[in-house]
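Notes follow the structure.
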Amino acid sequence: VQLQASGGGLVQAGGSLRLSCATSGRTFNRYVMGWFRQAPGKEREFVAAISWSGVITYYSDSVKGRFTISRDNAKNTEYLQMDSLKPEDTAVYYCAVAQFITKAVTADQFDYWGQGTQVTVSS
């Protein structure tokens, strides 16, 4: 399974970005997709996750109400709409896939990872 994240960039505080993550290769049905981020000098942290159906979503407290995760299974793609961005959202954002599980919110639950895309929010 390969994951390709895109959509990162430089934006001013209060702005928006939309990240995408396309999967390819062999996948299993009903996998959870998620986003994590890692800022310089900090550990990788959970951002959001979405169930196979797209009905159930999970968010970290730091992004709840500002970020929206979604997925299009026909395109094997997940998205992260990021609004009201803050300088503290600056990080490398990683997409990930968790198989054989219905809920995944920690890094060790995810099986495959994308290469990361840089998001920089200026003040």
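Quick notes on this one:
- Assigned charges on the beta-carbon of Lys, Arg, Asp, Glu; the range 41-107 dipole about Cα centre (debye): 120
- Fraction in percent of alpha-carbon pairs per bin - 5 Å, the range 2-64: 4, 13, 19, 28, 21, 10, 5, 1
- The dipole here belongs to the chain: it is taken about the Cα centre, uses +1 on the Cβ of Lys and Arg and -1 on the Cβ of Asp and Glu, and is about 220 debye.
- Three-way shape call for the range 32-90 based on the alpha-carbon gyration tensor, with the a/c threshold at 1.5: prolate
- The chain - percent relative contact order, Cα under 8 Å, separation 6 or more: 36
- Sequentially through the range 116-123, phi angles give Karplus couplings (6.51, -1.76, 1.60; θ = phi - 60°) of x, 9, 7, 10, 10, 10, 8, 8 Hz, Gly and Pro residues having no value and appearing as x.
- Considering only alpha-carbon pairs that sit under 8 angstrom and 6 or more positions apart, the relative contact order computed for the range 1-61 is 24 percent.
- Centroid-to-centroid separation of the range 1-40 and the range 49-123 [C-alpha atoms, Å]: 6
- Cα-based convex hull volume of the chain per residue, rounded to whole Å³: 90
- When all protein chains stay in place and ligands, DNA and RNA are ignored, the 1.4 Å accessible-area order of Trp113, Trp35, largest first, is Trp113, Trp35.
- Reach of Lys86 by Cα under 21 Å, taken over lysines that are not fewer than 8 positions away in the same chain: Lys42, Lys64
The values are calculated or read from the model by the stated rules, or taken from the named source; none is laboratory data. As the structure is a computational prediction, the values presented were derived from the model and not from experiment. Reconstructed Cβ throughout: ideal geometry from the backbone, glycine too, with neighbour counts over all protein chains shown. Heads up: the accessible areas ignore ligands, DNA and RNA and are worked out on the full protein's heavy atoms, side chains in. Shrake-Rupley method; radii C 1.70, N 1.55, O 1.52, S 1.80 Å.
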